[in-house]
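The values are calculated or read from the model by the stated rules, or taken from the named source; none is laboratory data. What you are looking at is a predicted structure, and each value in this text was computed from that prediction instead of being measured. Note: ideal-geometry Cβ built from the backbone for every residue, glycine included; neighbour counts use all protein chains shown. The area values use the complete protein model at the heavy-atom level, side chains included, leaving out ligands, DNA and RNA. Shrake-Rupley method; radii C 1.70, N 1.55, O 1.52, S 1.80 Å.
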Amino acid sequence: MNANLYTLFRSRFPQDLNDCWLETDDAKYYSWRDLERGTAKIANLFASLQLPAGSRIAAQVEKSPEALMLYLATVRAGFVYLPLNTAYRASEMEYFIGNATPAVVVCSPKNFGWITQIAFRAGTRHVFTLDEPHQGRNSGTLLSRAVHHADHFDTVHREPDDLAAILYTSGTTGRSKGAMLSHDNLASNIRVLQDAWHWKKGDVLLHALPLFHIHGLFVAAHGALMNGSKTIFLSKFDSATVMRHLPRATVFMGVPTYYVRLLSDPALDHDVCKNIRLFVSGSAPLLTETFETFINKTGHTILERYGMSETAMLTSNPYQGPRKAGTVGPALSGVSVRVMNQEAQVCGTDEIGDIQVSGPNIFKGYWQMPEKTAEEFTEDGYFKTGDVGRVDADGYVSIVGRSKDLIISGGYNVYPKEIESVIDEVSGVLESAVIGVPHADFGEAVVAVVVMRDGATLSEVALIDTLKNRIANFKVPKRVHFVAELPRNTMGKVQKNVLREQLG
Ligand code: AMP
(Lines give C-alpha, C1' and ligand atoms only; values in the text may rest on other atoms or scores of the structure.)
Protein backbone atom coordinates (compact mmCIF):
# COMPACT_ATOMS: atom_id res chain seq x y z
CA MET A 1 0.00 0.00 0.00
CA ASN A 2 1.17 3.49 -0.80
CA ALA A 3 1.49 5.42 2.49
CA ASN A 4 1.89 8.74 0.67
CA LEU A 5 -0.41 11.18 2.49
CA TYR A 6 -1.71 12.48 -0.83
CA THR A 7 -3.06 8.99 -1.63
CA LEU A 8 -5.11 9.13 1.56
CA PHE A 9 -6.56 12.54 0.67
CA ARG A 10 -7.18 11.45 -2.94
CA SER A 11 -9.26 8.54 -1.66
CA ARG A 12 -11.48 11.07 0.16
CA PHE A 13 -12.18 13.42 -2.76
CA PRO A 14 -15.89 13.68 -3.58
CA GLN A 15 -17.25 11.46 -6.35
CA ASP A 16 -17.83 14.43 -8.60
CA LEU A 17 -14.48 16.14 -9.12
CA ASN A 18 -16.32 19.20 -10.42
CA ASP A 19 -17.49 19.95 -6.88
CA CYS A 20 -16.01 23.03 -5.28
CA TRP A 21 -12.78 22.40 -3.37
CA LEU A 22 -11.88 26.00 -2.50
CA GLU A 23 -13.67 29.28 -2.72
CA THR A 24 -11.49 32.35 -2.15
CA ASP A 25 -12.41 35.67 -0.55
CA ASP A 26 -12.26 37.29 -3.98
CA ALA A 27 -14.83 34.76 -5.25
CA LYS A 28 -12.58 32.45 -7.26
CA TYR A 29 -13.59 28.80 -7.32
CA TYR A 30 -11.33 25.76 -7.56
CA SER A 31 -12.70 22.27 -8.10
CA TRP A 32 -11.27 19.00 -6.82
CA ARG A 33 -10.23 18.36 -10.42
CA ASP A 34 -8.26 21.64 -10.36
CA LEU A 35 -6.51 20.36 -7.25
CA GLU A 36 -5.71 16.98 -8.78
CA ARG A 37 -4.43 18.52 -12.02
CA GLY A 38 -2.67 21.49 -10.46
CA THR A 39 -0.70 19.32 -8.05
CA ALA A 40 0.11 16.91 -10.92
CA LYS A 41 1.64 19.74 -12.96
CA ILE A 42 3.77 21.00 -10.09
CA ALA A 43 4.77 17.43 -9.14
CA ASN A 44 5.77 16.77 -12.76
CA LEU A 45 7.85 19.96 -12.75
CA PHE A 46 9.66 18.79 -9.61
CA ALA A 47 10.14 15.31 -11.08
CA SER A 48 11.71 16.89 -14.18
CA LEU A 49 14.36 18.56 -12.02
CA GLN A 50 15.76 15.13 -11.06
CA LEU A 51 16.17 16.09 -7.43
CA PRO A 52 17.85 13.65 -5.05
CA ALA A 53 15.54 11.41 -3.00
CA GLY A 54 14.40 13.06 0.24
CA SER A 55 14.95 16.58 -1.11
CA ARG A 56 13.47 19.40 0.90
CA ILE A 57 11.34 21.97 -0.89
CA ALA A 58 11.21 25.17 1.13
CA ALA A 59 8.44 27.71 0.65
CA GLN A 60 8.14 31.23 2.01
CA VAL A 61 5.03 32.31 0.16
CA GLU A 62 1.84 34.25 0.80
CA LYS A 63 -1.27 32.23 1.49
CA SER A 64 -3.09 31.24 -1.71
CA PRO A 65 -4.79 28.16 -3.17
CA GLU A 66 -1.64 27.66 -5.27
CA ALA A 67 0.49 27.68 -2.11
CA LEU A 68 -1.66 24.86 -0.74
CA MET A 69 -1.26 23.03 -4.05
CA LEU A 70 2.51 23.54 -3.82
CA TYR A 71 2.49 21.77 -0.46
CA LEU A 72 0.36 18.90 -1.71
CA ALA A 73 2.39 18.57 -4.93
CA THR A 74 5.60 18.32 -2.89
CA VAL A 75 4.16 15.51 -0.79
CA ARG A 76 2.68 13.85 -3.86
CA ALA A 77 6.06 13.91 -5.62
CA GLY A 78 7.64 12.24 -2.56
CA PHE A 79 9.64 15.28 -1.39
CA VAL A 80 9.73 16.95 2.00
CA TYR A 81 7.84 20.22 2.47
CA LEU A 82 9.37 22.99 4.53
CA PRO A 83 7.00 25.89 5.14
CA LEU A 84 8.51 29.14 6.39
CA ASN A 85 6.78 32.00 8.16
CA THR A 86 6.29 34.95 5.79
CA ALA A 87 7.53 37.27 8.55
CA TYR A 88 11.07 35.80 8.48
CA ARG A 89 13.77 38.23 7.37
CA ALA A 90 17.22 37.67 5.81
CA SER A 91 19.13 36.45 8.88
CA GLU A 92 16.37 33.97 9.75
CA MET A 93 16.04 32.74 6.16
CA GLU A 94 19.80 32.33 6.00
CA TYR A 95 19.64 30.04 9.02
CA PHE A 96 16.70 27.92 7.79
CA ILE A 97 17.99 27.52 4.26
CA GLY A 98 21.54 26.88 5.49
CA ASN A 99 20.29 24.32 8.00
CA ALA A 100 17.80 22.44 5.83
CA THR A 101 19.74 22.77 2.52
CA PRO A 102 16.60 22.52 0.38
CA ALA A 103 16.95 21.50 -3.27
CA VAL A 104 14.22 23.97 -4.22
CA VAL A 105 13.16 27.27 -2.67
CA VAL A 106 9.90 28.96 -3.59
CA CYS A 107 9.48 32.60 -2.54
CA SER A 108 7.45 35.72 -3.26
CA PRO A 109 8.61 37.64 -6.36
CA LYS A 110 9.37 40.66 -4.18
CA ASN A 111 11.95 38.65 -2.18
CA PHE A 112 13.50 36.85 -5.14
CA GLY A 113 16.73 38.88 -5.22
CA TRP A 114 17.96 38.38 -1.68
CA ILE A 115 16.52 34.90 -1.22
CA THR A 116 18.27 33.69 -4.38
CA GLN A 117 21.59 34.87 -2.99
CA ILE A 118 21.01 33.05 0.30
CA ALA A 119 19.79 29.91 -1.49
CA PHE A 120 22.69 29.74 -3.93
CA ARG A 121 25.17 30.16 -1.07
CA ALA A 122 23.54 27.13 0.60
CA GLY A 123 23.85 25.09 -2.62
CA THR A 124 20.18 25.30 -3.65
CA ARG A 125 19.97 25.06 -7.44
CA HIS A 126 16.35 26.02 -8.05
CA VAL A 127 14.53 29.13 -6.87
CA PHE A 128 10.98 29.72 -8.10
CA THR A 129 8.52 32.47 -7.32
CA LEU A 130 4.88 32.24 -6.36
CA ASP A 131 2.75 35.30 -5.82
CA GLU A 132 -0.78 35.66 -4.60
CA PRO A 133 -2.60 35.58 -7.93
CA HIS A 134 -3.65 39.17 -8.68
CA GLN A 135 -5.58 40.04 -11.75
CA GLY A 136 -3.32 40.99 -14.60
CA ARG A 137 -0.14 40.22 -12.71
CA ASN A 138 2.19 37.33 -13.30
CA SER A 139 1.75 34.90 -10.45
CA GLY A 140 5.36 33.72 -10.57
CA THR A 141 7.77 31.32 -12.24
CA LEU A 142 6.60 28.18 -10.44
CA LEU A 143 3.24 28.21 -12.18
CA SER A 144 4.51 29.55 -15.48
CA ARG A 145 6.90 26.58 -15.60
CA ALA A 146 4.42 24.03 -14.25
CA VAL A 147 1.78 24.93 -16.80
CA HIS A 148 3.84 23.21 -19.51
CA HIS A 149 3.81 19.90 -17.65
CA ALA A 150 1.28 17.07 -17.87
CA ASP A 151 -1.81 17.21 -15.64
CA HIS A 152 -1.53 13.55 -14.72
CA PHE A 153 0.94 12.26 -12.14
CA ASP A 154 1.29 8.89 -10.43
CA THR A 155 1.66 9.73 -6.76
CA VAL A 156 5.11 8.56 -5.63
CA HIS A 157 5.16 5.51 -3.38
CA ARG A 158 6.16 6.33 0.20
CA GLU A 159 6.58 4.20 3.30
CA PRO A 160 4.77 5.29 6.50
CA ASP A 161 8.02 6.50 8.13
CA ASP A 162 9.26 8.51 5.13
CA LEU A 163 9.32 12.23 5.77
CA ALA A 164 6.55 14.46 4.46
CA ALA A 165 7.42 17.76 6.13
CA ILE A 166 9.87 19.58 8.35
CA LEU A 167 8.42 22.28 10.59
CA TYR A 168 10.83 24.62 12.29
CA THR A 169 9.82 25.33 15.89
CA SER A 170 9.38 28.93 16.94
CA GLY A 171 12.71 28.76 18.80
CA THR A 172 12.04 31.06 21.73
CA THR A 173 15.12 29.62 23.44
CA GLY A 174 18.17 28.86 21.35
CA ARG A 175 17.99 28.21 17.65
CA SER A 176 14.89 26.92 16.02
CA LYS A 177 14.90 23.17 15.34
CA GLY A 178 13.40 21.35 12.36
CA ALA A 179 10.77 18.83 13.51
CA MET A 180 10.68 15.94 11.01
CA LEU A 181 7.15 14.62 10.41
CA SER A 182 6.45 11.46 8.46
CA HIS A 183 3.53 10.61 6.19
CA ASP A 184 2.16 8.36 8.92
CA ASN A 185 2.59 10.99 11.67
CA LEU A 186 0.27 13.27 9.71
CA ALA A 187 -2.10 10.60 8.37
CA SER A 188 -2.67 8.97 11.76
CA ASN A 189 -3.36 12.32 13.39
CA ILE A 190 -5.87 13.54 10.84
CA ARG A 191 -7.71 10.19 10.94
CA VAL A 192 -8.10 10.58 14.69
CA LEU A 193 -9.25 14.20 14.40
CA GLN A 194 -11.77 13.30 11.72
CA ASP A 195 -13.51 10.98 14.21
CA ALA A 196 -12.94 13.10 17.30
CA TRP A 197 -14.52 16.20 15.75
CA HIS A 198 -17.30 14.31 13.91
CA TRP A 199 -16.46 15.68 10.46
CA LYS A 200 -19.49 14.95 8.32
CA LYS A 201 -20.83 15.15 4.80
CA GLY A 202 -21.79 18.70 3.88
CA ASP A 203 -19.25 20.34 6.22
CA VAL A 204 -17.76 23.61 4.99
CA LEU A 205 -14.53 24.82 6.59
CA LEU A 206 -13.87 28.54 6.97
CA HIS A 207 -10.07 28.76 6.77
CA ALA A 208 -8.47 31.97 8.05
CA LEU A 209 -5.19 30.63 9.54
CA PRO A 210 -1.74 30.93 7.93
CA LEU A 211 -0.48 27.94 5.94
CA PHE A 212 3.08 27.88 7.28
CA HIS A 213 2.06 26.55 10.69
CA ILE A 214 0.71 23.21 11.92
CA HIS A 215 -2.66 24.69 12.88
CA GLY A 216 -3.60 26.05 9.45
CA LEU A 217 -1.92 23.29 7.47
CA PHE A 218 -2.14 20.01 9.38
CA VAL A 219 -5.27 20.60 11.45
CA ALA A 220 -7.50 22.87 9.36
CA ALA A 221 -6.52 22.23 5.71
CA HIS A 222 -5.94 18.51 6.33
CA GLY A 223 -9.29 18.25 8.11
CA ALA A 224 -11.22 19.47 5.08
CA LEU A 225 -9.11 17.38 2.66
CA MET A 226 -9.64 14.26 4.77
CA ASN A 227 -13.37 14.87 4.68
CA GLY A 228 -13.58 15.85 1.01
CA SER A 229 -15.11 19.10 2.24
CA LYS A 230 -15.33 22.48 0.62
CA THR A 231 -13.18 25.22 2.14
CA ILE A 232 -13.88 28.95 2.16
CA PHE A 233 -10.29 30.07 1.97
CA LEU A 234 -9.43 33.53 3.29
CA SER A 235 -6.05 34.99 2.43
CA LYS A 236 -5.73 36.18 6.02
CA PHE A 237 -7.72 36.61 9.20
CA ASP A 238 -9.79 39.73 9.21
CA SER A 239 -12.72 39.89 11.54
CA ALA A 240 -15.11 41.58 9.08
CA THR A 241 -14.34 39.05 6.32
CA VAL A 242 -14.77 36.12 8.70
CA MET A 243 -18.10 37.55 9.87
CA ARG A 244 -19.25 37.82 6.26
CA HIS A 245 -18.50 34.16 5.51
CA LEU A 246 -19.43 32.57 8.86
CA PRO A 247 -23.11 32.04 7.99
CA ARG A 248 -22.14 29.67 5.14
CA ALA A 249 -19.60 27.64 7.12
CA THR A 250 -19.99 24.73 9.55
CA VAL A 251 -16.45 24.54 10.99
CA PHE A 252 -14.12 27.37 12.03
CA MET A 253 -10.66 27.09 13.59
CA GLY A 254 -8.66 29.89 15.12
CA VAL A 255 -6.07 30.99 17.61
CA PRO A 256 -7.47 32.69 20.73
CA THR A 257 -6.75 36.17 19.33
CA TYR A 258 -9.21 35.51 16.49
CA TYR A 259 -11.98 34.83 18.99
CA VAL A 260 -11.13 37.98 20.96
CA ARG A 261 -11.32 40.02 17.74
CA LEU A 262 -14.60 38.39 16.67
CA LEU A 263 -16.06 39.17 20.09
CA SER A 264 -15.22 42.84 19.68
CA ASP A 265 -17.48 42.96 16.61
CA PRO A 266 -20.95 44.02 17.78
CA ALA A 267 -22.54 42.06 14.92
CA LEU A 268 -21.40 38.70 16.33
CA ASP A 269 -24.51 36.87 17.54
CA HIS A 270 -26.40 33.56 17.42
CA ASP A 271 -27.70 34.26 13.94
CA VAL A 272 -24.27 34.79 12.30
CA CYS A 273 -23.12 31.44 13.74
CA LYS A 274 -26.31 29.50 13.13
CA ASN A 275 -24.77 27.03 10.65
CA ILE A 276 -21.55 26.48 12.55
CA ARG A 277 -21.33 23.17 14.37
CA LEU A 278 -17.74 23.47 15.60
CA PHE A 279 -15.47 26.30 16.72
CA VAL A 280 -11.94 25.07 17.53
CA SER A 281 -9.23 27.02 19.37
CA GLY A 282 -5.57 26.18 19.87
CA SER A 283 -1.89 27.18 19.59
CA ALA A 284 -2.12 29.37 22.70
CA PRO A 285 -4.27 29.38 25.84
CA LEU A 286 -7.89 30.48 25.46
CA LEU A 287 -8.85 32.70 28.38
CA THR A 288 -11.87 31.55 30.40
CA GLU A 289 -13.37 34.99 29.88
CA THR A 290 -13.20 34.59 26.08
CA PHE A 291 -14.65 31.07 26.33
CA GLU A 292 -17.59 32.30 28.46
CA THR A 293 -18.30 35.51 26.57
CA PHE A 294 -18.37 33.49 23.34
CA ILE A 295 -21.03 31.18 24.80
CA ASN A 296 -23.11 34.18 25.87
CA LYS A 297 -22.89 35.96 22.54
CA THR A 298 -23.20 33.03 20.14
CA GLY A 299 -24.50 30.02 22.06
CA HIS A 300 -21.37 28.10 20.99
CA THR A 301 -18.88 26.45 23.32
CA ILE A 302 -15.42 26.72 21.74
CA LEU A 303 -13.60 23.38 21.66
CA GLU A 304 -10.00 23.87 22.84
CA ARG A 305 -7.30 21.43 21.80
CA TYR A 306 -3.55 21.16 22.32
CA GLY A 307 -0.69 20.13 20.10
CA MET A 308 2.69 21.23 18.86
CA SER A 309 4.81 21.14 15.71
CA GLU A 310 6.68 18.06 16.95
CA THR A 311 3.59 16.05 17.76
CA ALA A 312 0.58 17.28 15.79
CA MET A 313 -2.55 17.15 17.97
CA LEU A 314 -2.35 15.55 21.41
CA THR A 315 -5.50 16.35 23.37
CA SER A 316 -8.93 17.75 22.63
CA ASN A 317 -11.99 18.69 24.59
CA PRO A 318 -14.77 16.31 23.57
CA TYR A 319 -17.15 16.90 20.69
CA GLN A 320 -19.88 15.38 22.79
CA GLY A 321 -19.54 15.83 26.52
CA PRO A 322 -18.35 18.72 28.64
CA ARG A 323 -15.82 21.17 27.23
CA LYS A 324 -14.09 22.63 30.27
CA ALA A 325 -12.78 26.20 30.18
CA GLY A 326 -9.05 26.50 30.81
CA THR A 327 -8.41 22.87 29.88
CA VAL A 328 -7.30 21.28 26.62
CA GLY A 329 -9.29 18.11 27.20
CA PRO A 330 -8.28 14.44 27.45
CA ALA A 331 -5.68 12.69 25.27
CA LEU A 332 -6.86 11.91 21.74
CA SER A 333 -7.41 8.28 20.81
CA GLY A 334 -4.08 6.44 20.37
CA VAL A 335 -2.11 9.22 22.12
CA SER A 336 -0.68 8.70 25.58
CA VAL A 337 -0.21 11.80 27.75
CA ARG A 338 1.40 11.67 31.19
CA VAL A 339 2.51 14.28 33.70
CA MET A 340 5.76 13.51 35.53
CA ASN A 341 7.18 14.92 38.74
CA GLN A 342 10.82 15.75 39.56
CA GLU A 343 11.40 12.14 40.67
CA ALA A 344 10.32 10.86 37.24
CA GLN A 345 7.11 9.43 38.63
CA VAL A 346 3.64 9.91 37.24
CA CYS A 347 1.91 12.76 39.11
CA GLY A 348 -1.31 12.25 41.01
CA THR A 349 -4.58 13.95 40.06
CA ASP A 350 -4.18 17.72 39.73
CA GLU A 351 -0.49 17.56 40.64
CA ILE A 352 1.66 19.81 38.44
CA GLY A 353 4.53 18.32 36.43
CA ASP A 354 6.14 17.91 33.00
CA ILE A 355 3.93 16.76 30.14
CA GLN A 356 5.27 13.78 28.18
CA VAL A 357 3.58 12.14 25.22
CA SER A 358 3.77 9.14 22.93
CA GLY A 359 1.78 7.90 19.94
CA PRO A 360 1.93 7.37 16.18
CA ASN A 361 1.78 11.16 15.67
CA ILE A 362 5.05 11.94 17.47
CA PHE A 363 7.75 13.24 15.13
CA LYS A 364 10.85 11.37 13.97
CA GLY A 365 13.33 13.77 15.56
CA TYR A 366 14.98 17.11 14.92
CA TRP A 367 16.60 17.57 11.53
CA GLN A 368 20.32 16.80 11.82
CA MET A 369 20.28 17.05 15.61
CA PRO A 370 20.47 13.45 16.84
CA GLU A 371 21.81 14.46 20.25
CA LYS A 372 19.15 17.09 20.85
CA THR A 373 16.54 14.56 19.72
CA ALA A 374 17.86 11.93 22.14
CA GLU A 375 17.72 14.46 25.01
CA GLU A 376 14.07 15.20 24.34
CA PHE A 377 12.91 11.57 24.59
CA THR A 378 12.72 9.47 27.75
CA GLU A 379 14.19 5.99 27.91
CA ASP A 380 10.75 4.47 27.44
CA GLY A 381 10.12 6.51 24.29
CA TYR A 382 8.02 9.44 25.53
CA PHE A 383 8.64 12.91 24.07
CA LYS A 384 9.23 15.65 26.62
CA THR A 385 6.94 18.43 25.37
CA GLY A 386 8.50 21.15 27.54
CA ASP A 387 4.98 22.06 28.67
CA VAL A 388 4.06 21.97 32.33
CA GLY A 389 0.55 20.91 33.29
CA ARG A 390 -1.79 18.74 35.27
CA VAL A 391 -4.53 16.18 34.68
CA ASP A 392 -7.82 16.36 36.59
CA ALA A 393 -9.95 13.48 37.89
CA ASP A 394 -11.77 13.24 34.53
CA GLY A 395 -8.53 12.98 32.56
CA TYR A 396 -8.67 16.58 31.26
CA VAL A 397 -5.25 18.18 30.80
CA SER A 398 -4.56 21.81 31.76
CA ILE A 399 -1.42 23.58 30.64
CA VAL A 400 0.28 25.71 33.26
CA GLY A 401 3.10 27.01 31.07
CA ARG A 402 6.34 26.10 29.36
CA SER A 403 8.96 24.54 31.64
CA LYS A 404 11.45 27.17 30.47
CA ASP A 405 9.02 29.87 31.66
CA LEU A 406 8.92 28.36 35.14
CA ILE A 407 10.21 30.90 37.67
CA ILE A 408 12.32 29.77 40.59
CA SER A 409 12.28 32.56 43.14
CA GLY A 410 14.05 32.10 46.46
CA GLY A 411 14.00 28.34 45.82
CA TYR A 412 10.23 28.21 45.27
CA ASN A 413 8.64 27.16 41.99
CA VAL A 414 6.30 29.79 40.62
CA TYR A 415 4.04 28.87 37.72
CA PRO A 416 3.35 32.00 35.67
CA LYS A 417 -0.12 30.85 34.56
CA GLU A 418 -1.32 30.63 38.15
CA ILE A 419 -0.28 34.21 38.89
CA GLU A 420 -1.62 35.44 35.55
CA SER A 421 -5.04 33.93 36.31
CA VAL A 422 -5.16 35.72 39.68
CA ILE A 423 -4.06 39.05 38.17
CA ASP A 424 -6.59 38.73 35.33
CA GLU A 425 -9.39 38.52 37.90
CA VAL A 426 -8.50 41.91 39.39
CA SER A 427 -10.96 44.51 38.19
CA GLY A 428 -9.45 46.83 35.59
CA VAL A 429 -7.07 44.17 34.24
CA LEU A 430 -7.55 42.98 30.68
CA GLU A 431 -4.67 40.49 30.54
CA SER A 432 -1.22 39.85 31.92
CA ALA A 433 2.03 37.98 31.46
CA VAL A 434 4.27 36.92 34.32
CA ILE A 435 7.99 36.36 33.84
CA GLY A 436 11.09 35.83 35.95
CA VAL A 437 13.95 38.32 35.78
CA PRO A 438 17.40 37.88 37.36
CA HIS A 439 17.50 39.03 40.98
CA ALA A 440 20.49 39.27 43.31
CA ASP A 441 18.75 37.76 46.37
CA PHE A 442 16.09 35.48 44.96
CA GLY A 443 17.85 34.17 41.88
CA GLU A 444 14.80 35.22 39.91
CA ALA A 445 12.14 37.77 40.78
CA VAL A 446 8.52 37.52 39.71
CA VAL A 447 7.56 40.43 37.45
CA ALA A 448 4.13 41.09 35.96
CA VAL A 449 3.36 42.85 32.71
CA VAL A 450 -0.23 44.03 32.67
CA VAL A 451 -2.62 45.43 30.08
CA MET A 452 -5.40 47.54 31.63
CA ARG A 453 -8.96 47.70 30.36
CA ASP A 454 -9.97 50.93 28.62
CA GLY A 455 -10.59 53.66 31.19
CA ALA A 456 -9.25 51.63 34.15
CA THR A 457 -6.92 53.31 36.64
CA LEU A 458 -4.67 50.85 38.41
CA SER A 459 -1.39 51.55 40.12
CA GLU A 460 1.51 49.20 40.68
CA VAL A 461 1.21 49.57 44.46
CA ALA A 462 -2.54 48.97 44.50
CA LEU A 463 -2.25 45.86 42.32
CA ILE A 464 0.58 44.41 44.41
CA ASP A 465 -1.45 45.07 47.59
CA THR A 466 -4.48 43.30 46.13
CA LEU A 467 -2.36 40.30 45.16
CA LYS A 468 -0.81 40.07 48.62
CA ASN A 469 -4.25 39.20 49.95
CA ARG A 470 -4.81 36.50 47.38
CA ILE A 471 -1.54 34.56 46.92
CA ALA A 472 1.50 33.56 48.94
CA ASN A 473 4.08 36.29 49.28
CA PHE A 474 6.75 34.53 47.25
CA LYS A 475 4.41 34.51 44.26
CA VAL A 476 3.50 38.20 44.43
CA PRO A 477 5.25 40.17 41.67
CA LYS A 478 8.05 42.42 42.87
CA ARG A 479 7.31 44.83 40.02
CA VAL A 480 4.35 45.47 37.76
CA HIS A 481 4.80 47.08 34.35
CA PHE A 482 1.75 48.47 32.54
CA VAL A 483 1.81 48.17 28.74
CA ALA A 484 -0.64 48.94 25.92
CA GLU A 485 -0.45 45.37 24.57
CA LEU A 486 1.52 42.16 25.05
CA PRO A 487 4.00 41.18 22.31
CA ARG A 488 2.53 38.23 20.39
CA ASN A 489 3.70 36.17 17.44
CA THR A 490 1.46 35.43 14.45
CA MET A 491 -0.05 32.42 16.20
CA GLY A 492 -1.15 34.55 19.13
CA LYS A 493 1.49 33.26 21.56
CA VAL A 494 2.76 35.81 24.05
CA GLN A 495 6.49 36.24 23.42
CA LYS A 496 7.87 35.99 26.94
CA ASN A 497 11.42 35.96 25.60
CA VAL A 498 10.80 39.48 24.25
CA LEU A 499 9.47 40.61 27.65
CA ARG A 500 12.45 39.03 29.42
CA GLU A 501 14.82 40.85 27.06
CA GLN A 502 13.06 44.16 27.65
CA LEU A 503 12.73 43.87 31.41
CA GLY A 504 15.50 41.48 32.45
P1 AMP B 1 3.73 25.21 18.03
O2 AMP B 1 4.73 24.14 17.80
O3 AMP B 1 4.12 26.52 17.43
O4 AMP B 1 2.36 24.79 17.62
O5 AMP B 1 3.68 25.49 19.59
C6 AMP B 1 3.31 24.46 20.46
C7 AMP B 1 3.10 25.00 21.84
O8 AMP B 1 1.97 25.88 21.87
C9 AMP B 1 2.77 23.93 22.84
O10 AMP B 1 3.92 23.25 23.29
C11 AMP B 1 2.07 24.72 23.92
O12 AMP B 1 3.02 25.36 24.77
C13 AMP B 1 1.33 25.79 23.14
N14 AMP B 1 -0.08 25.44 22.93
C15 AMP B 1 -0.66 24.85 21.87
N16 AMP B 1 -2.00 24.71 22.06
C17 AMP B 1 -2.26 25.25 23.27
C18 AMP B 1 -3.43 25.42 24.06
N19 AMP B 1 -4.63 25.05 23.62
N20 AMP B 1 -3.30 26.00 25.28
C21 AMP B 1 -2.10 26.39 25.74
N22 AMP B 1 -0.96 26.27 25.05
C23 AMP B 1 -1.03 25.71 23.82
_As an exercise, identify the GluC sites (Glu not before Pro) in segment 409-504 lying in DSSP coil whose Cβ has no more than 13 other Cβ atoms within 10 Å._
E485
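Take peptides 313-324, 464-475 and line them up by average Cβ neighbours within 10 Å, highest first, as a rough protection proxy.
On the way: 313-324: 18.6, 464-475: 13.7.
Ranked by mean Cβ neighbours within 10 Å, highest first: 313-324, 464-475.
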*asked:* Counting heavy atoms of the protein chains only and a 1.4 Å probe, report the per residue accessible area for segment 407-503 as a whole number of Å².
replied: 51 Å²
*State whether segment 61-193 is rounded, prolate or oblate according to the following rule on the C-alpha gyration tensor (a ≥ b ≥ c being the square roots of its eigenvalues): a/c under 1.5 gives rounded; otherwise a/b larger than b/c gives prolate, and the remaining case gives oblate.*
oblate
_Cross-link partners of K274 among lysines (Cα-Cα below 16 Å; sequence separation of 8 or more within a chain)_ = K297
*asked:* What percent of all Cα-Cα pairs in segment 407-503 falls into each 10 Å bin, going from 0 up to the bin containing the maximum distance?
replied: 16, 51, 29, 3
*asked:* I'd like the orientation of helix 288-298 relative to the chain: the angle between its Cα long axis and the longest Cα principal axis, in ° from 0 to 90, rounded to 10.
replied: 60 degrees
_Whole-number D in µm²/s for the chain (Stokes-Einstein; Kirkwood sum over Cα pairs; 10 °C, 1.306 mPa s)_ = 66 µm²/s
*When the Cα centres of segment 422-437 and segment 448-504 are compared, how far apart do they sit, in Å?*
5 Å
*Taking Cα centroids, how far is segment 160-217 from segment 232-275 in Å?*
22 Å
*Got a sec to turn the phi values of segment 97-104 into Karplus ³J(HN,Hα) couplings, 6.51 cos²θ - 1.76 cosθ + 1.60 with θ = phi - 60°, whole Hz, x for Gly and Pro?*
5, x, 6, 8, 5, x, 7, 9
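Does segment 144-246 come out rounded, prolate or oblate, given a ≥ b ≥ c as the square roots of the eigenvalues of its C-alpha gyration tensor, rounded meaning a/c under 1.5 and, failing that, prolate meaning a/b above b/c?
Details: a/c = 1.33, a/b = 1.14, b/c = 1.17.
Note, shape of segment 144-246 comes out rounded.
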_Tell me whether segment 258-363 comes out rounded, prolate or oblate; compute the Cα gyration tensor, take square roots of the eigenvalues as a ≥ b ≥ c, and use a/c under 1.5 as the rounded threshold._
prolate
_Per residue accessible area in Å² of segment 147-295, where ligands, DNA and RNA are left out and the probe is 1.4 Å_ = 37 Å²
*Carbon-plus-sulfur fraction of the accessible area of the chain, 1.4 Å probe, in percent?*
49 percent
*Which order do the peptides 264-272, 487-495 take when ranked by the mean count of other beta-carbon atoms within 10 Å per residue, highest first?*
487-495, 264-272
*Might you tell me the accessible area per residue for segment 42-145, computed with a 1.4 Å probe and given in Å²?*
37 Å²
